[in-house]
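Notes follow once the structure below has been shown.
Since every read-out is calculated from the coordinates, none of them should be taken as a lab result. The structure displayed is predicted, hence computed values, not measured ones. So basically every Cβ, Gly included, is an ideal-geometry build from the backbone, and we count neighbours across all protein chains shown.
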Amino acid sequence: MRKYFDDITRIAGNVVTVKAGGVGYDDLAVLTSDRGESLAQVIRLDDREVSLQVFAGTQGVSNNDRVRFLHKPMQVPFSDALLGRVFDGSGRPRDGRGPVDAPPIDLGTPAINPVKRRMPDKMVHTGIPMIDIFNSLVESQKLPIFSVAGEPYNELLARVGLQANADIIILGGMGLRHDDYLKFRDAFEQGGVLGRAIMFVHTAADPVVECLLVPDLCLAVGEQFALQGKTVLVLLTDMTAFADALKEIAIVMEQIPSNRGYPGDLYTQLARRYEKAVDFDGSGSMTVLACVTMPGDDVTHPVPDNTGYITEGQFYLRNGRIEPFGSLSRLKQQVNGKTRDDHRAIMDGCIQLYALCRESREKRDMGFEMSEWDKRLLTYGTLFEEKIMDLSVNIPLFEALDRCWAILAECFEPAETGIRRAIIEEHWPKPLT
Amino acid sequence: MTGKIVAVFGNLVIAETDTRVVQNSVGYCVRSDGVRLLSEVVRVRGNVADLQVFEETRGLKVGDEVEFRREMLSVMLGPGLLGQIYDGLQNPLPKLAGQVGFFLQPGTYIDGLLPDRQWAFTPEVAPGATVECGDALGSVPEGIFTHQIMVPFSWKGTFTVESIAAAGEYTIADDIAVLKDSTGQSHTVRMQQDWPVKVPLNVSRRRLMPSEPLTTRVRIIDSLFPIVRGGTYCIPGPFGAGKTVLQQITARHAEIDVMIVAACGERAGEVVETLREFPLLIDPRTGRSLMERTIIICNTSAMPVAAREASVYTAATLAEYYRQMGLHVLLLADSTSRWAQAMRELSGRLEEIPGEEAFPAYLESRIAAFYERAGAIELRNGKIGSLTIGGTVSPAGGNFEEPVTQGTLKVVGAFHGLSRARSDARRYPAIDPLESWSKYQGVIDPDKVARVRHLLARGNEISQMMTVVGEEGTSTEDFTIALKADFFDNCYLQQNAFDEVDGATPADRQRVVFDKILEILDLDFGFDDKTVARQTIVRGTDLFRNWNYAASDGDEYRTLLERINHFIATKGREE
């Protein structure tokens, strides 16, 4: 017999409180109202009072609607049949096809034992020099793209997704505009990867709380594939929407906000998701690339700030380019020593010179006289931006390194580059004096 | 001693009970499937006890049972701690992986020490001897150290040794001595003893003034902002400024006996790097694996948050234990901000009145109490042991005006502030030479340090000025000072952590290089043209950088030194 509880004592925000007993923390429930059924999750137990976050929102819920507890945490069916499919934030099919019939797996599994992780050491080649040379992406890395709304971050995400050569691509869309979703789908279709892609898409038109589950759905499914030995790439966009949904629930639950209204456990909540990125010792791997839009281009905003402390680096996307300053791949040292002997020297040398070029530009803009050295730096900066930084540049790593050497030789004397003599001797494209 | 759960909210459980409940004692929340989740009592109100659960609370129900224990959250001390990888509650992670696989299952706990391992015990006291807590009764070899078996630290008063085990092989649970207290009662001593993590462990004659430099082989630290054995320091910095790399280098090269790395709420990937690399790294001083003198406590960001709060205390307790043997211990806590955030999460759930940025009001006193566990001590046998604590701080938005950084700065002896601007310009280690400070004395004569710090400050002023008045508006003299400051930065303060030679500069080499650089800084080049000045200093920089990469006393080292000397002799006209 199914047991229903209908003594709803509070409806506020997206949270419903109902009197019930024998309910486990984190359990799932179904709320039936005039608007239909919605999944809900237990977020607080206080004596007989059970607070539920309702995924479809609480509009139209009345104080004697019925709640049924499922006595299990949130789950998602898992099998190869997920491939090529599109689901919404509650895991329901969004592509007009029937539900997937497969044994379910739990969302939000315990943390991975650190000793069962292996050291990431496989470089992901993207064909984007700003990533490949300067901030190499590594399998199992978790890396956000920080940008303001309006930057082509979704395009960048899709491009990495297509070129990264993963076994499985999982897209998690949170607060995605419908046309962005269609763009992703088209990009995947044209790139011929739709057959190995799975999409969990919450659009801006869907109830806010549904977006909370998107990362968990993607990561739970990805984790299972990784455990089967697959190389999984998870693309999440936009994690700021996820954080905002967390904030909404926290405030309804009267939690003390810590910073700009975000709950004190924002770091923990984000970390629990990002930390699912893994290279299993003796099995597959999961790489997580996420978009984080920065409200007001402010990196100290709690969402990008907390994210930066969790992830293994970050890419700044600004004016359609990946910024060399601030962008960082923490795992690059694991791979860039094994590509070519000049990789690291070029990586450091080019950026140091580009930093000097920016200083010279500032001086120029303030109307100062340009010394001969300044002028050469300016030439270098222009060349570097055109031939290396531009996002349309799509060349393999070694070609990109050679291109950097050519630019350096065009603008500087070997000693001015700050690169070690031994490396210069081997790679300088012009005869040395 | 049991109670019933009445509320669950995140990792906070509220239980009703009519038995005696001790603040900070251990409790177990028993899930309906029988799994027991370790918890700690954090507040008692009447017959209601609030517990923070060290696991995910998923599945706990109102009405589930809570078992209360009398003892506080403790760690197991004894031989076999070195080389271990623990979670925040001293569960050995490799063993857990063997038992439960890829994931950490709530409710699975394993003793921190190996129960069956045999240790070769040598008695050091005879029956009839008088001993007090902390006195050695004997020892066992543990890797490169002699691990002393001490009278339990919690025993008060003096004891007479009634009997002591003969030399031979024993496990940590075997009786190795019987001691009689002043009332004539007998007590058995084993190799293992427990100690509550939140109580500082310090049995000593007196606390000493920490003064002996702790060499980390990072030039900017040892020369400009030194740390000492028994001292404290902090490394605040925005993300991406190189905190963790700096910690890892320190862990590798610092001249100490025992290294304890507490990865507290940080990335698992970084811990894995330490886990995988340390066993392979050979400690130059012992010729053995670095892991043999290291303990890793890792409670990464995805692991339960309450255990994160406990993990720094676990690390401090293990460190203090080895200090009691007269060893020099370095504890690196990465990151204390995550620990503070764990306190904040709990405080929020307890609905305490929040302080600044919603951190609890007791944040500063907790930070101070943690750093106070560091110190150099003179033991009762005259030996000296020390515990140095270095903590990273991850300030929100990279802004040092926040409660955790400010609370830490008040209590530490050295401040290595990392700057985003320096790391963006790839000037590593990105310790800001203008903002950082140290109250300790390092390997370089303080007068010389004061001179270069003055130069750096002056160089910075001139550079600032130049952005306003331009190069042409700056005198060649000032321009040269700015170049020299930049030269010192390039050739001395910056260090390539990934180069075998440049990555670690021993103290004596630091003195040599520093003096040589001073010669350049003191040199009157007599430039009358800025372009010539820049070109000359660029060549000098190139020479010194290559010198830094040359292995000590190799041919290259000598050749470059000769060229440098010639460079100085000819005022930069020739090499």
Residues of the range A:332-349 with the amide nitrogen closer than 12 Å to a label point 7 Å from the Cα of A:Val393, along Cα-to-Cβ, please. A:347
Just want to confirm a number: the relative contact order over chain A, from Cα pairs under 8 angstrom separated by 6+ residues, in percent. 16 percent
Just the number, please: Stokes-Einstein D of chain A in µm²/s, Kirkwood Rh from C-alpha pairs, 25 °C, 0.890 mPa s. 104 µm²/s
Which whole number in µm²/s is D for chain B by Stokes-Einstein, with the Kirkwood Rh taken over Cα pairs at 20 °C and 1.002 mPa s? 82 µm²/s
Between 0 and 90°, nearest 10: helix B:336-349 axis offset from chain B longest Cα axis: 40 degrees
Over 31 Å between Cα atoms: which of A:Lys116/B:Lys4; A:Lys72/B:Lys243; A:Lys19/B:Lys95; A:Lys230/B:Lys61; A:Lys363/A:Lys387 fall into that group? A:Lys116/B:Lys4; A:Lys72/B:Lys243; A:Lys19/B:Lys95; A:Lys230/B:Lys61
How far, in degrees from 0 to 90, does helix A:178-190 lean away from the longest principal axis of the Cα atoms of chain A, to the nearest 10? 60 degrees
From the Cα centre of the range A:222-264 to that of the range B:271-328, the distance in Å is 31 Å
Taking the Kirkwood radius as the inverse of the mean 1/r across Cα pairs, report the Rg/Rh of the range A:224-359. 1.04
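Size of the dipole of the range A:76-332 about the Cα centre, Lys and Arg at +1 and Asp and Glu at -1 on the beta carbon, nothing else charged, in debye to 20?
460 debye
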Cleavage-rule hits (GluC sites (Glu not before Pro)) in the range B:410-492: DSSP loop, at most 16 neighbouring Cβ within 10 angstrom: B:Glu435
I need to check one value: relative contact order of chain B, counting alpha carbon pairs closer than 8 Å and at least 6 residues apart, in percent. 13 percent
Ignoring everything except DSSP H segments at least 4 long, calculate the 222 nm mean residue ellipticity for chain B; use -39,500 (n - 2.57) per segment, divide by total residues, nearest 500. -9500 deg cm²/dmol
Residues A:Ser62 and B:Ala120, FRET efficiency given R0 of 60 Å [Cβ-Cβ distance, rounded to 0.05]: 0.20
Excluding residues fewer than 8 positions from B:Lys180 in its own chain, the aspartates and glutamates with Cα under 19 Å of it are B:Glu124, B:Glu132, B:Asp135, B:Glu162
Quickly estimate the mean residue ellipticity at 222 nm for chain A, helices only: each DSSP H run with n ≥ 4 gives -39500 (n - 2.57), and the total goes over all residues, rounded to 500. -9500 deg cm²/dmol
Checked against the positive end of the charge dipole of the protein assembly as shown (+1 on Cβ of Lys and Arg, -1 on Cβ of Asp and Glu, about the Cα centre), the farthest of A:Leu83, A:Ala164, B:Gly385 is B:Gly385
Which residue fluctuates most in the GNM of chain A (Cα springs below 10 Å): A:Phe200, A:Phe55, A:Phe384? A:Phe384
Using a simple spin-label model with points 7 Å from Cα along the Cα→Cβ vector, what separation in nm is obtained for B:Thr160 and B:Gln105? 5.2 nm
Can you work out the FRET efficiency for the pair B:Asp447 and B:Ala368, with r the C-beta to C-beta distance and R0 = 25 Å, to the nearest 0.05? 0.15
Classify the range B:1-153 from the C-alpha gyration tensor, please: rounded if a/c falls under 1.5, else prolate or oblate depending on whether a/b exceeds b/c. oblate
Using the alpha-carbon atoms, what tilt in degrees (0 to 90, nearest 10) does helix B:555-569 show relative to the longest principal axis of chain B? 50 degrees
Given +1 on the Cβ of Lys and Arg, -1 on the Cβ of Asp and Glu, and no further charges, what dipole in debye does the protein assembly as shown carry about its Cα centre, rounded to the nearest 20? 1360 debye
Given a cut-off of 25 Å, name the pairs among A:Lys338/A:Lys375; B:Lys484/B:Lys516; A:Lys183/A:Lys332; A:Lys122/A:Lys247 whose C-alpha atoms lie farther apart than that in the structure shown. A:Lys338/A:Lys375; A:Lys183/A:Lys332; A:Lys122/A:Lys247
Between the range A:350-426 and the range B:338-369, the alpha-carbon center distance in angstrom: 48 Å
Taking a crude spin-label model, label points 7 Å out from Cα along the C-beta direction, the B:Glu562 to B:Glu351 distance in nm is 8.1 nm
Given charges of +1 on the Cβ of Lys and Arg and -1 on the Cβ of Asp and Glu, with all other atoms neutral, how large is the dipole of chain B about its Cα centre, in debye to the nearest 20? 720 debye
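What FRET efficiency would be calculated for the residue pair B:Leu523, B:Phe498, taking the C-beta separation as r and a Förster radius of 25 Å, to the nearest 0.05?
The pair B:Leu523/B:Phe498 has a calculated efficiency of 0.20.
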Please report the relative contact order for the range A:4-73, taking Cα pairs under 8 Å with a sequence separation of at least 6, and give it as a percent rounded to a whole number. 42 percent
Points 7 angstrom from Cα along the Cβ direction at B:Ser182 and A:Asp106: gap in nanometres? 5.4 nm
